[in-house]
Amino acid sequence: MRRPVVMGNWKLNGSKAMVKDLISGLDAEIKGVQGVDVAVAPPAVYLDLAERTIAEGQEKIILGAQDTDLTNSGAFTGDNSPEMYKEFGVTHVIIGHSERRDYHSESDQYVAKKFAFLKENGLVPVLCIGETEAQNEAGETEAVCARQINAVIDLLGVEAFNGAIIAYEPIWAIGTGKAATADDAQRIHASIRGLIAAKDAAVAEQVIIQYGGSVKPENAATYFAQPDIDGALVGGASLDAKSFAAIVKAAAEAKA
Ligand code: 13P
């Protein structure tokens, strides 16, 4: 049985006050909730405060980051590295988010190198994949996801997905309120797991596959009721403690 992971991707949102309020609010809201890993990924400048705020609370909230460089130090203006993240207790790092693939021209191969570097540094990659609306309408969703996953398998072998997380995020569903139906998401999740299973059944059985894209308290339970949906990567709704906690609780209930 896979333990679900619900992660909040704060993207470029936050302030010192928000970090404190949101994390302490979340800590209170999820008090005693069992059977689900809860993670937050604030902007890198707030990791220190986030780590300290988590430490003041009762719950074990996992700290994540939103991207990584391919080196641990050097002349790479503006970047952050695994070694730095680890100083702040970060264990999970989102890579290949569609916003980075799009606005920073990150290729499948470049994202695969980030995956490799995170593994090398003992961090959990949260690999985002997903298709555009045009690709969806053209029936290319499975092929796009397979290409993005295969870039990692080609570089590292399928075993690299041991202990890793995949987040299936259809781009047309991100921040639009137009979420994929739970049935459609399940079909894609099953195809992703099948692709991995064809190479190694044990790796496929343990890999966490999150759904992301307009996940809200109102629709979260429908996703978690699906056998191949092991949690969620949440944007907008993770910026409100009550909403995010409701999604966490839906995962705990569905997967109990
Ligand atoms: P929304 O939940 O705001 O649609 O964002 C999803 C996402 O991109 C998480 O990484």
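Only the coordinates and a few stated rules stand behind these numbers; no lab work does. None of the values given here were measured: they were computed from a predicted structure. As a convention, Cβ positions derive from the backbone with ideal geometry for all residues, glycine included, and neighbour counts pool all protein chains shown.
Below, the figures for the structure above:
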{"read-out": "Anisotropy class of segment 128-256 from Cα gyration tensor, a/c 1.5 cut", "value": "oblate"}
{"read-out": "Two-site label geometry, ASN162 and LYS199: point separation in nm, points 7 Å out along Cα→Cβ", "value": "1.4"}
{"read-out": "5 angstrom amide H check on ALA167, placed H, neighbours 5+ away", "value": "LEU127, CYS128, ILE129, GLN210"}
{"read-out": "Segment 148-228: GluC sites (Glu not before Pro) in DSSP coil with no more than 14 other Cβ atoms inside 10 Å", "value": "GLU218"}
{"read-out": "Cβ-Cβ FRET estimate between GLU120 and LYS216, R0 fixed at 25 Å, reported to 0.05", "value": "0.10"}
{"read-out": "Summed residue charge, Cβ within 15 Å of GLY157's Cβ, Lys/Arg positive, Asp/Glu negative", "value": "-1"}
{"read-out": "Range in the chain, longest, excluding exposed trypsin sites (Lys or Arg not before Pro) [loop by DSSP; at most 13 other beta-carbon atoms within 10 Å]", "value": "61-177"}
{"read-out": "Label-point gap, in nm, between ASP240 and THR71 - each point 7 angstrom along Cα→Cβ", "value": "4.4"}
{"read-out": "Cleavage-rule hits (chymotrypsin sites (Phe, Trp or Tyr not before Pro)) in segment 1-95: DSSP loop, at most 14 neighbouring Cβ within 10 angstrom", "value": "PHE76"}
{"read-out": "Set of aspartates and glutamates with alpha-carbon distance to LYS255 below 20 Å, sequence-local pairs under 8 removed", "value": "GLU29, ASP37, GLU59, ASP183, ASP184, GLU205, GLU218, ASP228, ASP230"}
{"read-out": "Farthest toward positive dipole pole in the chain [+1 Lys/Arg, -1 Asp/Glu at C-beta], among ILE188, ALA256, GLY8", "value": "ALA256"}
{"read-out": "Beta bridge orientation in the chain: antiparallel %, DSSP, nearest 5", "value": "0"}
{"read-out": "Distant-in-sequence amide H partners of ILE62 (H built 1.01 Å from N, under 5 Å)", "value": "VAL38, ALA39, VAL40"}
